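*Asks:* Okay, handing you the structure first.
The values are calculated or read from the model by the stated rules, or taken from the named source; none is laboratory data. Given the structure is predicted, the values throughout are model-derived calculations rather than measurements. Backbone-built Cβ (ideal geometry, glycine too); neighbour counts: all protein chains shown.
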Amino acid sequence: MTETDYHQIRTAATAVPTGCPVDHAFTPLMPAYVEAPYPIANRMRDEAPVAWAPELGFVVVSRMDLVTEVFLNPDVYSSENVQDPVFPICEEAAAILADPSFCPVAVMSNRQEPDHGRIRQFTKNGFTNRRNKVLEPYIRRRAEELIDEMIAEGSPADFIAAVGQPLPGEVVFKFMGFPEADYSQLKEWCGDRLAFSWGQPSAEEQVAIAEKMVAYWQYVQEFTAAKKGNPADDFASELLADHEAHPDDLTYREVESILYGLSFAGHEPVTLLLGNALSTLLPRRDDWDALCADRDLIANALEEVIRLDTPQIGWRRIANCDTTLGGVDILKGTQVYLNLAAANHDPDEFPDPESFDIHRRDARNNISFGKGKHFCLGVRFAKFEAKIVLEVLTEKLPSLRLAGGHEFETFPNISFRGPTRLDIAWD
C-alpha cells in the first residue's frame, strides 16, 4: 500500500484527544441515527460541537463554522481518507484488492495537494456549461422515457427503481463515453461501493464487493485503451487528449483512475438527491403545487432540499499535523468526521433551520458538497440533472404523492442518506 493508493485500510485511533468531550454512544451507523439523524446531530452540535466518538474512532465536528474551518484548511486536514473503508476489511477481501493488477491511484476527492490541484485543472474542464448543454437532450429524453414507462406500469410505483436509480447511472456512463450496451453490467459492478467505503459490510459482502471493484477496474483499463484510438465528444476522450498534450501533468494511470472513481460519485448522490427531493416535497402539497405552477422555483427548492435533508450527511478528513479545533487539541493522524447534517441545520447560519422553505434566500449556503479546494466538481451537474427530472415530473404528474403506508428506508452508512425505495402514487 502506498500513500497514493485509491483505497487504503486504516486502523482507527483509540486515544481521546486532550480536552475533548466524549460521546460514547454516537456512530452514524446506530439505528436511531440512521432512522432520524437530525435531532441527534443537532444535540451534538449544541452540546459538544467537537466530540470524540470511540465507537467510530473519529473526532466528530458538528458546527458550521468549525466544519468550514476544516474544509478551508486542506494542509491541516487531509482528504486522503474519504474513499477508504471506515473499518478494516477482512483478510480475503484485502487479498483480492492487493492484487498488483488492481492499481487505481487517488486522484480527486482523496488526493492531497499539490497533486490534487494539478489533476483538478483537467477534470474541471469536463464539468462545464457546454457539457451540460450537450447532455441535456439525452437527460431529458431518458427522464421522459423512464417516467412514461413508470406511468404505463400504473400507480403506485417505486420511484427509485423506476427512475431514481437507472437514470443517474446512465447519464454518468454517457458522460464518460461508455458504450450503452455495457450499462447494465457497469451498474452491477459499481452498485456496492457505498457499502464498501462508507458502510459496515459483512466479510462475505466485502469479498463480493472487492471482486466487483477489480472487475470494474479491469473494464476501465480496457475501455481507456480502446478509447485512445476512437475519440469522441465525451469526458474520457477529453482526459486522454489532455494526457497526450500534458503527459507530465496528467498521467495515463490518473486518467484511468478518474474514470474509475467517477462511476460512483457521478450517480449515487444524484439518486439520493432525487429520492430526498420527492420525500420532502410531496408531503408539502403547497410547495409541490407551487413548483408545478412555476418551474423556475425548482432550482432553489433543490438547494433547500440539499440543506434540510442532505444526500451527503457526513464526510471525512484526517489531521496532517497536531492542531487545535474548537478548543480541542487534535494529534496528527486523528480521523475527523464532519457532521454535515448538523452544520446544515445550524441556527447561526440558517434562521429557523428546521423549517423547509423553497424560497429561502440562503439555501445555497449549505455545506453538503464541501467547500474550498475540494468542493465537489460535479455538484452543478447533479443539480442540473435533478432539476430536469423535477421539471418532467411536475409537468407530467402534478397529482404525484407519496403512496399510502410509505416508510423511509435508507442504507446504513456514515456519509450518504436517501431512500432505497420510494413508493409514489398519482391520479
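*Asks:* Could you go through segment 321-328 and let me know if any residue there is in contact (Cβ under 8 Å) with a residue 40 or more places away in the chain, touching a Pro at 6+ places or on another chain (Cβ under 8 Å) and among the hydroxyl-bearing types (Ser, Thr, Tyr). Explain how you work it out, then say what you get.
*Replies:* Start the filter on segment 321-328 by keeping residues that are in contact (Cβ under 8 Å) with a residue 40 or more places away in the chain, which leaves 321, 323, 325-328.
Cutting the leftovers down to touching a Pro at 6+ places or on another chain (Cβ under 8 Å) gives us 326, 328.
Next, only the ones that are among the hydroxyl-bearing types (Ser, Thr, Tyr) stay: none.
Scanning segment 321-328 turns up no residue that is in contact (Cβ under 8 Å) with a residue 40 or more places away in the chain, touching a Pro at 6+ places or on another chain (Cβ under 8 Å) and among the hydroxyl-bearing types (Ser, Thr, Tyr).
*Asks:* Which residue is farthest from the chain's Cα centre (by Cα), if the candidates are limited to segment 364-378 and must be among the hydrophobic types (A, V, I, L, M, F, W, C) and modelled with pLDDT of 90 or more?
*Replies:* Going through the qualifying residues, I end up with Ile367.
*Asks:* Quick one: how many residues across segment 385-406 are in contact with a Cys (Cβ under 8 Å, 6 or more places away or on another chain) and either under 17 Å from Asn276 (Cα atoms) or among the β-branched types (Val, Ile, Thr) (or both)?
*Replies:* Number of matching residues: 1.
*Asks:* Between a first residue in segment 329-344 that is more than 17 Å from Val82 (Cβ to Cβ) and a second residue that is in a helix (DSSP H, G or I) and of a type in the set (S, T, N, Q), which pairs have beta carbons less than 8 Å apart while being 6 or more apart in sequence or on different chains?
*Replies:* Ala342/Asn42
*Asks:* Being in a helix (DSSP H, G or I) and acidic (Asp, Glu) is the filter here; which residues of segment 263-301 pass it?
*Replies:* So in segment 263-301, the residues in a helix (DSSP H, G or I) come out as 263-265, 268-281, 285-293, 295-301.
The answer is Glu268, Asp286, Asp287, Asp289, Asp296.
*Asks:* Here's something else I'd like to know. Within segment 90-116, how many residues are surrounded by fewer than 23 Cβ atoms within 10 Å (Cβ to Cβ), within 23 Å of the chain's Cα centre (by Cα) and either modelled with pLDDT under 90 or under 19 Å from Cys321 (Cβ atoms) (or both)?
*Replies:* Matching residues across segment 90-116 total 5.
*Asks:* Now, a different point. Consider segment 118-133. How many of its residues are surrounded by fewer than 21 Cβ atoms within 10 Å (Cβ to Cβ) and modelled with pLDDT under 90?
*Replies:* Counting residues in segment 118-133 that are surrounded by fewer than 21 Cβ atoms within 10 Å (Cβ to Cβ) and modelled with pLDDT under 90 gives 9.
*Asks:* Looking at segment 41-60 only, could you name the residues that are buried (at least 20 other Cβ atoms within 10 Å of the Cβ) and free of Cβ contacts under 8 Å to residues at least 40 places away in the same chain?
*Replies:* Matches in segment 41-60: Ala51, Trp52.
*Asks:* Could you please tell me which pairs satisfy a Cβ distance under 8 Å, a separation of 6+ or placement on different chains, a first residue in segment 355-375 that is under 19 Å from Trp315 (Cβ atoms) and surrounded by 14 or more Cβ atoms within 10 Å (Cβ to Cβ), and a second residue that is hydroxyl-bearing (Ser, Thr, Tyr) and modelled with pLDDT of 95 or more?
*Replies:* So the pair list comes out as Asn366/Thr310; Ile367/Thr68; Ser368/Thr310; Lys371/Thr68.
*Asks:* Would you pick out the residues in segment 385-395 that are buried (at least 16 other Cβ atoms within 10 Å of the Cβ) and either over 22 Å from Asn366 (Cβ atoms) or at pLDDT below 95 (or both)?
*Replies:* Listed by number, the residues that qualify are Val392, Leu393, Thr394.
*Asks:* So, in segment 65-89, how many residues would count as being part of a helix (DSSP H, G or I), surrounded by 22 or more Cβ atoms within 10 Å (Cβ to Cβ) and of a type in the set (D, E, K, R)?
*Replies:* Total satisfying the criteria: 0.
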